[in-house]
Amino acid sequence: MQKYSIFNLVKNAFSNHENWDLAWKDPTPKKEYDVVIIGGGGHGLATAYYLAKEHSITNVAIIEKGWIGGGNVGRNTTIIRSNYMYDDNALFSEFGMDLWRKMSQDLNYNVMFSPRGIINLAHSDAQMNVYARRGNSMRLNGIDAVLLNREQVKEIIPMADFSENVRFPIFGGLMQPSAGTARHDAVAWGYARQADSMGVDIIQNCEVIGFDVSNGKINGVRTSRGDIKAKKIGLCVAGSTNILAEKLNMTLPIETHLLQACVSEPVKPVLDRVVTFGAGHFYISQSDKGEMVMGGDLDGYNSYAQRGNLPTLQHVLTEGVAMMPFLSKLKMLRTWGGIMDMSMDGSPIIDKTHIEGLYLNCGWCYGGFKATPASGWTFAHTIAQDRVHELNSGYSLNRFSTGHLLDEKGLGTKTWIS
Amino acid sequence: MLHIKCPHCGMRSQNEFSYGGDATVKRPELGKEVSDQDWDNFVYNRKSLRGKHWELWQHLSGCRQWIKVERDTSTHEIFNTLKATEEIS
């Protein structure tokens, strides 16, 4: 594989850039692999990459129904953070932050990681107290957190509504300066290119039709491009988790929901942080192209549509305008939706299953993109070693039976039902 | 936007309703021995079907009654609605 470098850029300029290697191949599926990863999204591609890199397992196939990076890794609002209170979430996410910082070098692909900081706004004294507690927990886990008062927030984001006479006045906020954004497509392509170069087969347009399970062991998978044998299979299919679980006769603590996002027309640089509204569910950042990138609540009812309805979008943008009134002057350029694997406590699952050789990675709710490297790393470890790593030990499937829920928001089950 | 036919009020817009999840989930019977697995299935585990799905909605900004709605989760088409007390056939 050609390395992406200034030297190769100049060299290829002499041949009008017509002789670059393909970033990844288009192989025909083999009859058998050591490991098959189902789902060619960010998490699946990262898992294959770390299987090859950290565990020297290269006889791996990624099978993807559509095209790689066509699901949620290309549909999110690109926010990367580790501002969690609970140890399991905080340590897992902060491990991921380290991988993010090194990712462009590691993958030889510019993922445009931009650690611009995230501010969660507070709109009451009580919320300031909650943020102080969360910030302290983060700092105890080695994560940077700064509690900002109203004046400090005003210095950073003067375009927010700081008038006194509003329904949700800004009292202050919690900032994680090391949080940020990255170019999401580049993350998928970077992992794909490196995984491919180490021998992983990326098989697109290949739908899973069923599984070959006998005596409690997985033997392989039946696909639209033929049967593929494998003693280890990893499920990394986000919004399609319930569909594949049904083929395995499993019922999971997961509901599938629709989440929308949108971007405005591009404007000159105005916002250099990620900001979240504290009195609802709304988050915003500005892309390098100048578009305001925004998202918020789920549509609220089970959906596989990858296409949303207007009332939710209207609700979300109302919150945006309450927080930053200038948004009302902007035209919306694009809106889109993706399907989320919503777990019952809001935290993910990376675990073994009751079927030997079948591994599960799902339940990412609103936060799948930022978890891409840590999820891939720990899932690869879980598959290669056939045991969970300390970092994903909290993300067990049986925590719902044992009562060890990771309900970061403290809202109980089905937090999306309001 | 969804348009849901409330069995009490007639056709109304989605804005008047709130969602209540899978309508086929049954609470374990009182007074009987209930296994942990039964509780798990009632509280946490969901099939979350793609295609026809019976679900609960509440006509919150209307008659405030809970109703059952049969909706396709991939096309959003609504086939049928029932009162909460009516059994799904």
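The values are calculated or read from the model by the stated rules, or taken from the named source; none is laboratory data. Worth saying up front: this structure is predicted, and the values here are computed from it rather than measured. No Cβ is skipped: glycine too gets one built from the backbone with ideal geometry, and neighbour counts run over all protein chains shown.
In table form, for the structure just shown:
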| read-out | value |
| --- | --- |
| In segment A:307-356, the residues that are within 12 Å of another protein chain (Cβ to nearest Cβ), of a type in the set (Val, Ile, Thr) and in a helix (DSSP H, G or I) | A:312 |
| Residue satisfying condition, being at positive phi, surrounded by 13 or more Cβ atoms within 10 Å (Cβ to Cβ) and not in a helix (DSSP H, G or I), within set A:69, A:40 | A:69 |
| Single residue of segment B:5-51 satisfying the filter (within 12 Å of the chain's Cα centre (by Cα) and more than 10 Å from every other protein chain (Cβ to nearest Cβ)) that is nearest to residue B:66 (Cα to Cα) | B:23 |
| Total residues in segment A:297-306, condition buried (at least 21 other Cβ atoms within 10 Å of the Cβ), part of a strand (DSSP E or B) and out of contact with any Lys or Arg (no Cβ under 8 Å at 6 or more places or on another chain) | 3 |
| Count - residues of segment B:31-53 that are more than 16 Å from residue A:304 (Cβ to Cβ) and surrounded by 14 or more Cβ atoms within 10 Å (Cβ to Cβ) | 7 |
| The lone exception for residue B:73 - which of (1) loosely packed, with under 14 Cβ neighbours inside 10 Å; (2) within 7 Å of another protein chain (Cβ to nearest Cβ); (3) under 14 Å from the mean Cα position of the chain (by Cα) it fails | (1) |
| Segment A:233-284 - residue that is assigned to a loop (DSSP other than H, G, I, E, B) and within 14 Å of chain B (Cβ to nearest Cβ) and, of those, nearest to residue A:79 (Cα to Cα) | A:237 |
| Enumerated strands (runs of 3 or more DSSP E) restricted to segment A:104-208, each holding at least 3 residues that are touching a Leu at 6+ places or on another chain (Cβ under 6 Å) and either within 23 Å of residue A:369 (Cα to Cα) or touching a residue at least 40 places away in the same chain (Cβ under 8 Å) (or both) | A:172-176 |
| Matching option when the condition is more than 13 Å from chain B (Cβ to nearest Cβ), closer than 19 Å to residue A:345 by Cα and modelled with pLDDT under 95, among A:296, A:300 | A:296 |
| Sole residue being in contact with a His (Cβ under 6 Å, 6 or more places away or on another chain), crowded, with 24+ Cβ neighbours inside 10 Å and of a type outside the set (Val, Ile, Thr), chosen from A:323, A:342, A:294 | A:342 |
| Top-ranked residue in segment A:401-415 [being in contact with a Ser or Thr (Cβ under 9 Å, 6 or more places away or on another chain) and not aliphatic (A, V, I, L, M); ranked as surrounded by the most Cβ atoms within 10 Å (Cβ to Cβ)] | A:408 |
| Total residues in segment A:72-100, condition among the polar types (S, T, N, Q) and not in a helix (DSSP H, G or I) | 5 |
| Count - residues of segment A:159-213 that are touching a strand residue (DSSP E or B) at 6+ places or on another chain (Cβ under 8 Å), surrounded by fewer than 19 Cβ atoms within 10 Å (Cβ to Cβ) and closer than 16 Å to residue A:285 by Cβ | 1 |
| Check on residue A:310, free of Cβ contacts under 8 Å to residues at least 12 places away in the same chain, within 23 Å of residue A:74 (Cα to Cα) and over 19 Å from the mean Cα position of the chain (by Cα) | yes |
| Yes/no for residue A:375 being within 14 Å of chain B (Cβ to nearest Cβ), under 19 Å from the mean Cα position of the chain (by Cα) and of a type in the set (S, T, N, Q) | no |
| Matching option when the condition is assigned to a loop (DSSP other than H, G, I, E, B), among the charged types (D, E, K, R) and touching a strand residue (DSSP E or B) at 6+ places or on another chain (Cβ under 9 Å), among A:30, A:3 | A:30 |
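Yes/no per residue for (1) within 25 Å of residue A:250 (Cα to Cα); (2) among the basic types (Lys, Arg):
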{"position": "B:23", "(1), (2)": "yes, no"}
{"position": "B:27", "(1), (2)": "yes, yes"}
{"position": "B:40", "(1), (2)": "yes, no"}
{"position": "B:43", "(1), (2)": "yes, no"}
{"position": "B:50", "(1), (2)": "yes, yes"}
{"position": "B:54", "(1), (2)": "yes, no"}
{"position": "B:73", "(1), (2)": "yes, no"}
{"position": "B:80", "(1), (2)": "no, no"}
